[in-house]
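Single-structure report; data block below.
Just so you know, all these numbers are worked out from the coordinates, no wet-lab data involved. Keep in mind it's a predicted model, so treat the numbers as computed, not measured. Here the Cβ positions follow ideal geometry from the backbone for every residue, glycine too, while neighbour counts run over all protein chains shown.
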Amino acid sequence: MWLGTQSVNELGHLTIGGCDAVQLAEQFGTPLYVLDEAAFRERCRAYREAFQSRKPDTQIAYAGKALLNLAVCQIIAEEGLALDVASGGELYTALRAGYPPEQIHMHGVYKTEAELRQALDARIGTIVLDNFDEIARLQSLLAPHETVRVMIRVAPEVEASTHPLIRTGQRDSKFGFHLMNGDAERATAQVLTEPRFQLKGFHCHIGSQISELDAFAEATRAMVAFAETIRQRYGYAAPVLNLGGGLAVRYTPDDAPPSVGALAEVMVQTLRAECARYGYPEPALVVEPGRSLIAEAGITLYRVGAVKHVPHERRDIPQTYLIVDGGVSDNPRPQMYGACYTALNASRAHPHLPRQPYRILGKHCETDPIIEWAELPETRVGDVIAVLTTGAYAYSMSSNYNRYPRPAMVLVREGQARLIVQRETLEAVIQHDLPAR
Ligand SMILES: Cc1ncc(COP(=O)(O)O)c(C=O)c1O
């Protein structure tokens, strides 16, 4: 499963962005996040092309929760993407990167007063309102004549087929104003009566790692129907509809997510058809993918520190364990939701070598499998293992569990590797600790 610029060189090593992965591991240490700049930019362009060729007034907003740092902000600005932030920390990162604030949307189910203040002070593009308490909180922060652009997050009550922990638009979702109980309409009525709010439209996001396009079509239909109800009752036509992110990516060779073109076709055609059905003026479209822009552009390199033969009765996991120098602290997804990944032995990457099964585990003080069943060529202590598709929700969800410093990240392109996140030092890990007396 080669992704992006991945290939194998004459030494039999995995290459990415024209760089030898084994050399990267030696030069920058392991664990190491590696980001394939060409692959990331190619996805940004694919999204713009797929949507804007069908509907020129579509804005592609990168969902920064997938992976955000200064370099990523610079790349998305260069690629002409807007940015969705979900916290004060993500907003701070974007502003420090010099990313244009008017291109930023702010999400979140609980934006604190400090976060709302930060967004107002920076004069960001839009605050996406999630609940009635937040509406009141934002009102209390606004000066008498201060205005702010807002959108209303609607839970369209669509049950996307994905892991329950990354499903966000269903009947019992904690996110947004629900349709069935009338909250979405009540929130809209309330926002429309506040002269300091400029309502740009409605937003929904049904979840992540979604492969069935029908769910996106259903959400689009629900959103246009809701917008039409609001138009009939309040005379307000939404200039913008934000239909969120959520497209699936390839973690294993069994994954076959729809193309960005197929997603664009479904969303744009459904939007057009539904608007035509009601005679609704077609709003501009915003989509905000995270995972499907950056996941496949990232890999994580680990070094094997131990090979253990563990005789056991289970048939679903191999008996040979590879213990690597990372795990749940640099990628909690396998533990959180049993996420599956594909690994390569970057030191012996030739595709024709005979393979055997291994279980790849991290070095933390829990059982932290990274891959339960990996088919690799004979693997020895010192080999470099590459776990693919770790560009999204790995670094951004990392921790210091066991007080391990977070890994470094390099950006690779045309044979050049540039350090974009330094490896944390042990001193940095304890920097906020204070003595007891
Ligand atoms: C509001 C919102 N938009 C966009 C995204 C990005 O989703 P994905 O990374 O699946 O594209 C998320 C992810 O949780 C989200 O909550």
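Within segment 201-241, restricting attention to residues that are buried (at least 20 other Cβ atoms within 10 Å of the Cβ) and β-branched (Val, Ile, Thr), the residue that is nearest to the ligand (Cβ to nearest atom) is Ile210. Among the residues making up segment 385-411, a single one is touching an Asp or Glu at 6+ places or on another chain (Cβ under 6 Å) and assigned to a strand (DSSP E or B): Leu411. Tell me, yes or no, whether segment 168-179 has at least one residue that is closer than 22 Å to Thr220 by Cβ, assigned to a strand (DSSP E or B) and charged (D, E, K, R). The answer is no; no qualifying residue exists.
For Gln198, the conditions (1) touching a Ser or Thr at 6+ places or on another chain (Cβ under 8 Å); (2) away from the ligand (no atom under 16 Å from the Cβ); (3) in a loop (DSSP other than H, G, I, E, B) are fulfilled apart from (3). Scanning segment 266-301 for residues that are among the acidic types (Asp, Glu) and touching a Cys at 6+ places or on another chain (Cβ under 7 Å) turns up just one, Glu282.
Within segment 361-383, identify whether any single residue is surrounded by 13 or more Cβ atoms within 10 Å (Cβ to Cβ), of a type in the set (Lys, Arg) and more than 28 Å from Leu247 (Cα to Cα), and answer yes or no. Yes, the conditions are met somewhere in segment 361-383.
Looking for whichever is within 21 Å of His203 (Cα to Cα) and within 16 Å of the ligand (Cβ to nearest atom) here; the options are Leu271, Leu285. Which one fits? Matching residue, one of Leu271, Leu285: Leu285. When Tyr393, Tyr401 are checked against the criterion of being more than 26 Å from His13 (Cβ to Cβ), out of contact with any strand residue (DSSP E or B) (no Cβ under 6 Å at 6 or more places or on another chain) and buried (at least 18 other Cβ atoms within 10 Å of the Cβ), a single residue qualifies: Tyr393. Restricted to segment 132-151, and to residues there that are among the β-branched types (Val, Ile, Thr) and out of contact with any Ser or Thr (no Cβ under 7 Å at 6 or more places or on another chain), the residue that is surrounded by the fewest Cβ atoms within 10 Å (Cβ to Cβ) is Thr147.
Taking the listed residues Gln118, Gln52, Gln74, the one that is within 17 Å of Leu243 (Cα to Cα) and without any contact (Cβ under 8 Å) to a residue 40 or more places away in the chain is Gln52, with no other qualifying. For segment 150-167, the set of residues classified as in contact with a Leu (Cβ under 9 Å, 6 or more places away or on another chain), of a type outside the set (D, E, K, R) and over 14 Å from Ala215 (Cβ atoms) consists of Val150, Met151, Ile152, Val154, listed by residue number.
Out of Arg149, Arg153, I need the residue that is away from the ligand (no atom under 16 Å from the Cβ) and not in a loop (DSSP other than H, G, I, E, B). Which one? Result: Arg149 is the single residue among Arg149, Arg153 that is away from the ligand (no atom under 16 Å from the Cβ) and not in a loop (DSSP other than H, G, I, E, B). The strands (runs of 3 or more DSSP E) found wholly in segment 30-128 and carrying at least 1 residues that are within 16 Å of the ligand (Cβ to nearest atom) and surrounded by fewer than 23 Cβ atoms within 10 Å (Cβ to Cβ) occupy 58-63, 82-85.
Note on segment 288-335: residues that are within 16 Å of the ligand (Cβ to nearest atom), buried (at least 24 other Cβ atoms within 10 Å of the Cβ) and not in a loop (DSSP other than H, G, I, E, B) amount to 8.
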